[in-house]
Amino acid sequence: MNVQIDPSWKQYLKEEFDKPYFAQLAERVRQEYTSANCYPPGRLVFNAFNLCPFDKVKVVIIGQDPYHEPGQAHGLSFSVQDGVPFPPSLQNIFKEIEMDLGTPVPSTGNLTRWAEQGVLLLNATLTVRAHQANSHAMIGWQTFTDAAIRALAAHRDHLVYMLWGGFARGKAYMINKQTNLVLESVHPSPLSANRGGWFGQHQFSRCNAYLQENGIEPIKW
């Protein structure tokens, strides 16, 4: 695996690349991409890091693993490529933003515009085999992405962490809630959101209010 990652992240994660687990992970990913259809495209595996340099991060949104159907995943959690129908979770995210901020639902589910403003759209697992959700969940990615979260926690304050669903909320222990804002809720998937606890939480306006209180430009959701 040829790791092309923004230099700002490499500064904090370089030790991870030298650890035995990462060599094993890289070999497993290479084998998977050689023998099966996997997503996202290889050049976009580290897209979240490359679009959102370490010192530019304002918000962290943690997903579980990439979408696993053709044409969807491009290395950003919850985001799909232009022209791809919105997955149900993304539909609910946009509905909540519209209710919270009055921002109309966009024509594209491509969240590159968020990443470029400082939203780290980080999946805990960065690759997946086609049609098989969580198929790469146990091959070592979470050790790497947890290291990224810990690096932010150690070196950056006044970030907003949006932890949606039990999996993402399980990362909260790594974050200092005294120096950052942690917004926890149920997952935006219909199964969870329709039971309550997703809609009406005003997470996006609360996020922007916190950023502004700390002299940071808010996100144009």
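None of the figures in this text is laboratory data; all of them are computed from the coordinates on show. The structure displayed is predicted, hence computed values, not measured ones. Positions of Cβ are backbone-derived with ideal geometry, glycine not excepted, and every protein chain shown enters the neighbour counts.
For the pair A130/E213, report the inter-label distance in nm, with labels modelled 7 Å from Cα in the Cβ direction.
4.8 nm
Please give the length that would be gained between K14 and D146 if that part of the chain were fully extended, namely 0.36 nm times their separation in residues minus their C-alpha to C-alpha distance (nm, one decimal).
Length gained, K14 through D146: 46.1 nm.
Given R₀ = 30 Å, FRET efficiency for A154-L191 by Cβ-Cβ distance, to 0.05?
Calculated value: 0.30.
Looking at the chain only, what percent of DSSP beta bridges run antiparallel? Nearest 5 please.
Once the DSSP bridges in the chain are tallied, antiparallel ones form about 20 percent.
Could you give the distance between the Cα centres of the stretch 1-78 and the stretch 127-185, to the whole Å?
14 Å
Using the per-residue mean of other Cβ atoms lying within 10 Å as a proxy for protection, in what order, highest first, do the peptides 32-42, 116-126, 198-208, 172-182 fall?
116-126, 198-208, 32-42, 172-182
Less than 15 Å Cβ to Cβ from P106, Lys/Arg counted +1 and Asp/Glu -1: what total charge do the surrounding residues give?
Taking every other residue near P106 into account, the sum is -2.
How large are Rg and Dmax for the chain when only the alpha carbon atoms are used, in Å?
Radius of gyration, then largest Cα-Cα span, for the chain: 16.7, 50 Å.
In nm, what is the difference between 0.36 nm times the number of residues separating V182 and S205 and their Cα-Cα distance?
Here the segment from V182 to S205 would lengthen by 6.9 nm.
Please compute the contact order of the chain in relative form: average sequence separation of alpha-carbon pairs under 8 Å and at least six residues apart, divided by the residue count, as a percent.
About 23 percent, as a whole number.
How much FRET efficiency would the formula 1/(1 + (r/R0)^6) give for E98 and A36, where r is the Cβ-Cβ distance and R0 is 45 Å, rounded to 0.05?
With a Förster radius of 45 Å, E is 0.75.
What are the lysines whose alpha-carbon lies under 28 Å from the alpha-carbon of K58, with same-chain residues fewer than 8 places away excluded?
K10, K14, K95, K171, K177, K220
Relative to the present Cα-Cα distance, how much length would full extension add between K56 and M174 at 0.36 nm per residue of separation?
Difference between extended and current length: 40.5 nm.
How many nm separate the modelled label positions at R43 and R28, each set 7 Å beyond the Cα in the direction of the Cβ?
If labels sit at R43 and R28, their model points lie 2.7 nm apart.
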